[in-house]
Amino acid sequence: MDKLIIESLKEKLPVVPGINGKEEYFNSAVLVLLMLINEEYHFVFQKRAAMIRQAGEICFPGGKFDPDQDASFRETAIRETTEELGVPSEKIRMIGTLDTVFSNMGATVDAFLAILEVDSLDDLRISPDEVERIFTIPVSYFENTEPETYRVNIVVQPSYINEDGEEVVIFPVEELGLPERYTRPWGNVMSKIYVYRVVEVTIWGITARLIRDVIAKIKSL
């Protein structure tokens, strides 16, 4: 490899590092929505409808990145929010970008902080196919409440047993000439899960992680 190739390669390197292999995962975007109620900011949450993925869970509005519709993850977050909450995009005031969340379950979530500029939740026309209900919780609650922290064990499985009781090898360790230890499950990575218990609901996982991130930023001001 000569010097000209090195110089050409330099031009290909990103100014801001991305996530290697991001396109291999389920890529989504959400809006962490704030709403001013009685002179106090609240987070706006939704409970997912019973017939969709992750039914019944509490989350922020958002969804899967669609390259046919969205030029960016920011556009995904806004589009999904307008569809789910029935709010025009001009009622959403973007504040900025939050850190991308990378899930051990094979998903990435690009998150954005925004303010919902409506007088009341009654002004929204939620999509019943996607949203069961919407509600708010004061930001101050989370400022004064630390999340519970749990750890789950993430293990790599090089094979699995199918419904017929047969072993299906999905990573051919022996054929690849890799060490024998990889024929058995490996990894044993302990992954943190954050949980907020609120009256009648439990907020956990990526949603709780995003809340924790925003609260940490507020407390650092």
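Here, each number is a calculation from the coordinates, and none is a lab measurement. Values in this document were obtained by computation on a predicted structure and should not be read as measured data. Note: ideal-geometry Cβ built from the backbone for every residue, glycine included; neighbour counts use all protein chains shown.
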In nm, spacing of pseudo-spin labels at K22 and D68 (7 Å Cα→C-beta vector): 2.2
Tilt relative to the chain, helix 3-12 - C-alpha long axis, 0 to 90 degrees, to 10: 30
Most to least packed among 104-111, 32-39 [average Cβ atoms within 10 Å]: 104-111, 32-39
Restraint check, K192/K217; K22/K192; K64/K219, Cα-Cα greater than 29 Å: K64/K219
Taking the chain and dividing mean pair separation by its residue count, relative contact order in percent (alpha carbons under 8 Å, at least six apart): 20
³J(HN,Hα), Karplus 6.51/-1.76/1.60, whole Hz, each residue of the stretch 77-84, x for Gly, Pro: 4, 5, 4, 5, 5, 5, 6, 6
Pairwise FRET efficiency - T202 versus E90, Cβ, R0 = 41 Å, nearest 0.05: 0.75
Simple Cβ-charge dipole of the chain, Lys/Arg +1 and Asp/Glu -1, about Cα centre, in debye nearest 20: 780
Relative packing of peptides 56-67, 193-204 - highest average C-beta neighbours within 10 Å first: 56-67, 193-204
Calculated volume of the Cα convex hull per residue in Å³ (choose from [x] 154; [y] 214; [z] 110), label: [y]
Distance histogram in 10 Å bins (all Cα pairs of the stretch 1-132, percent per bin): 11, 37, 29, 13, 6, 4, 0
